[in-house]
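Read-outs throughout are calculated quantities, based only on the coordinates presented, and are distinct from any laboratory measurement. Note that the structure is a prediction, hence the values are computed from the model and not measured. No Cβ is skipped: glycine too gets one built from the backbone with ideal geometry, and neighbour counts run over all protein chains shown.
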Amino acid sequence: MPSACILVVYDPTTDNQPALARAAALAQSAKGSDIKLHVYSCIHARIPKAEKRSARKAELIAAQKEIVKDAVAELVAKGLQVTTEVEWDKDWYQSVVRAADRIGADGVFKSAHKRSASQRLLQTTPDRTLLRECSCPVLLVKPEAEAAGPVRIILAAVQFRGERGAYDELNQKILDFIRRLAAADTVKVHFINAYTELSDRPDKGQLVRACGVPSDQVHIRMGESDEVIVEAARELGANLVVIGNSARTGLAAVINTNTAEKIVDKLDCNLLAMP
């Protein structure tokens with residue numbers, strides 16, 4: 001795996017940081033790589049008028065810097081490359097997106113908090129913002145998935161059809177990423193292709209050759225993508241689901257919900273969305 005920079009979102013509201021734990025584990029296990037972790041925390045608080053705003057703001061930022069510094073001290077002691085950053089911004093969702101662009105992050109790791117379908121649809125959640133607006137891959141880390149141990153089984157969702165089309169570039173990005181991720185002998189990768197129309201059913205032989213894995217690790221199922229992916233992930237006991245993600249803004253973002261948003265709360269494992 002080549003040199004990479006991962007922005008890790010540090011949640012200032014809790015001591016439990018599964019995204020940081022996952023990023024640290026990746027950096028430690030990726031032998032021969034040069035993975036840098038940029039631990040980012042954005043804070044904001046109401047400051048009473050009686051207090052001097054600038055002084056209080058500086059005090060809160062300084063305190064949070066110490067908290068983040070203490071949280072990564074052990075990683076630094078182990079020789080990992082770690083930088084930290086604390087910003088003050090009420091709209092921390094967008095702050096994460098801007099920070100990832102600013103440092104040229106190769107990926108964003110964030111802890112995922114379970115929400116209802118109506119919350120995902122009607123509220124601007126941080127996960128939704130990152131999935132729609134980040135220009136790099138986003139890994140949403142589930143606390144319960146981290147407790148289960150290292151990644152052993154990966155399920156990657158691809159979209160191959162009879163003719164070459166709009167999914168080619170995204171399919172290739174997923175395949176290239178998976179091949180690097182699955183270099184370890186302990187990781188087994190499955191691929192799944194959902195389709196809703198018979199005319200879109202891919203040829204399994206071509207799909208097996210494209211994915212480069214045994215036939216029993218390639219699955220083709222009819223149904224809506226979100227339902228098919230969640231079902232297969234549970235059957236296989238997947239630790240990680242990798243999915244292509246289409247960014248949406250404006251009216252399209254209000255009307256449409258992409259597959260990544262539909263499945264994030266239904267999965268029991270981590271979700272990696274590739275833009």
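Any chance you could run the full-extension gain for Asp268 through Arg98? It's 0.36 nm times the residue separation minus the Cα-Cα distance, nm to one decimal.
Values: separation 170, 0.36 × 170 = 61.20 nm, distance 2.89 nm.
58.3 nm is the gain from fully extending Asp268 to Arg98.
Multiplying the residue separation of Ala73 and Asp200 by 0.36 nm and removing their Cα-Cα distance gives an extension gain of 40.6 nm. Residue ranges 262-274, 186-198, 73-85, 41-53 sort as 262-274, 186-198, 73-85, 41-53 when ordered by packing (mean number of other C-beta atoms within 10 Å per residue, highest first).
Distance cut-off 24 Å, Cα to Cα: go down the list Lys110/Lys262; Lys65/Lys173; Lys36/Lys57; Lys65/Lys110 and report the pairs above it.
Values: Lys110/Lys262 17 Å; Lys65/Lys173 36 Å; Lys36/Lys57 29 Å; Lys65/Lys110 18 Å.
Correct reply: Lys65/Lys173; Lys36/Lys57.
Ordered by the number of other Cβ atoms lying within 10 Å of each residue's own Cβ, fewest first, Val242, Val108 fall into the sequence Val242, Val108. For Glu224 and Ser29, a Förster radius of 30 Å and the Cβ-Cβ distance give a FRET efficiency of 0.30, rounded to the nearest 0.05.
Taking only the C-alpha atoms of the range 1-111, the Rg (one decimal) and the largest Cα-Cα distance, Dmax (whole number), read 15.0, 54 Å.
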